[in-house]
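Before any comments, here is the structure.
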Amino acid sequence: MSEDNEDRDESGWDVDPEDEQGAAVVAAVGRQLKVWREAARMRVPDFGRAIGYGEDLVRKVEAGTRIPRPEYLDKADSVLQAGGRIAAMKEDVETARYPKRVRDLAKMEAKAVELLAYGNHNLHGLLQIEEYAAALFQMAQPAHAPEQVERGVAGRLARQSIFSRSPAPTLSFVQEEVTLRRRIGGTMVMRRQLEHLLEISTLRNVTFQVMPTLCDEHAGMDGLIQVLKFGDGSAVGRAEGSFYGRAVSDPKQLQVLELRYGIIRAQALTPRESLAFIEQVLGET
């Protein structure tokens, strides 16, 4: 067994005890793995050696206290000759891997037919490349443990499946100029991030606008705004400077957020001007 392999797996993916749904999924997968192993008449040490992981890790996975990685399930499926039935658990386990608040947000975004988002501090999570997202998580204080950074980045990237949905939702983003200029992760990371923004901005269902710093009138001074609209006519929104920063679904409160967002869009550069501006910043980076 490779020591590096064991250390790599031991480094993360602990079950969040406060995440009841995720913990239940991981516990159920662990029980199934134990049933398969015992049916194959394999002892824990023998099974661990066969799949290339430590005995302690195997026991934790079967006890439902450690989330198995996809490659762990693939190897278990092969060794136990499960015919793909263990490997099929990867989707459920992958979902449980992300923090509950990320899963809840991803579910809402997956149902949304329209998204409105104004950001003033960093780029919206749906727009971030992996290195940019990792740099943000690594900057957090108090510092995140490596496994927290890994899970946070993975959850953020998983949400970006919204761009491949069919039918495609309408996505509108307004970002402050500073979010394009602040070199999160360093110069090369920011260059790749800006190139990614150029690609995203050309999608037919995406509108991307830049709010220039040299702007005398600005309706977004209270902070970020996000509104998600759903197919049944309902919606949910949140703004840092309104309604105590809590998510709201009352039509009158949503009207306030949409009105403010509409003014921000009108004050920002047009989509065409914004595309040119991104190219200009990329050339300066």
FRET efficiency estimate (nearest 0.05) - Cβ-Cβ, ASP222 to ARG31, R0 41 angstrom: 0.25
Solvent-accessible area of LYS111, probe 1.4 Å, all protein chains present, reported in Å² to the nearest ten, please. 130
Candidate residues ARG204, ARG272, ARG181: accessible-area rank, largest first, probe 1.4 Å: ARG204, ARG272, ARG181
Between SER164, SER249, SER78, which gets the highest mean-square fluctuation from a Gaussian network model of the chain, Cα cutoff 10 Å? SER164
For ASP216, ASP14, ASP19, ASP92, what's the largest-to-smallest order of accessible area, 1.4 Å probe? ASP216, ASP92, ASP14, ASP19
Helix-only estimate, please: 222 nm mean residue ellipticity of the chain, summing -39500 (n - 2.57) across DSSP H runs of length 4 or more and dividing by its residues, to the nearest 500. -16000 deg cm²/dmol
Give me the lysines in straight-line cross-link reach of LYS107: C-alpha distance below 17 Å, same-chain residues under 8 apart excluded. LYS229
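Keeping the other protein chains in place, figure out the carbon and sulfur percent of the accessible area of segment 148-210, with a 1.4 Å probe.
49
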Given H placed 1.01 Å from N in the peptide plane, which residues other than close sequence neighbours of GLU114 have an amide H under 5 Å from its amide H? THR170, LYS229
Per the 1/(1 + (r/R0)^6) rule, R0 = 41 Å and r from the Cβ atoms of MET139 and ARG85, FRET efficiency to 0.05 is 0.50
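Considering Cα pairs under 8 angstrom that are at least six residues apart, work out the relative contact order of the chain and quote it in whole percent.
Once normalised by length, the contact order is 17 percent.
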Placing each pseudo-label 7 Å from Cα in the direction of the beta carbon, SER166 and VAL178 end up separated by a distance in nanometres of 4.2
Amide H proximity to GLN209 below 5 Å, modelled H, separation 5+ or other chain, gives PHE173, VAL174, GLN175
Enumerate the calculated ³J(HN,Hα) couplings along segment 162-170 in order (Karplus 6.51 cos²θ - 1.76 cosθ + 1.60, θ = phi - 60°), each rounded to whole Hz, writing x wherever the residue is Gly or Pro. 4, 6, 9, 5, 9, x, 6, x, 8
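The values are calculated or read from the model by the stated rules, or taken from the named source; none is laboratory data. Fair warning: this is a prediction, and the values are worked out from it, not measured in the lab. Backbone-built Cβ (ideal geometry, glycine too); neighbour counts: all protein chains shown. The area values use the complete protein model at the heavy-atom level, side chains included, leaving out ligands, DNA and RNA. Shrake-Rupley method; radii C 1.70, N 1.55, O 1.52, S 1.80 Å.
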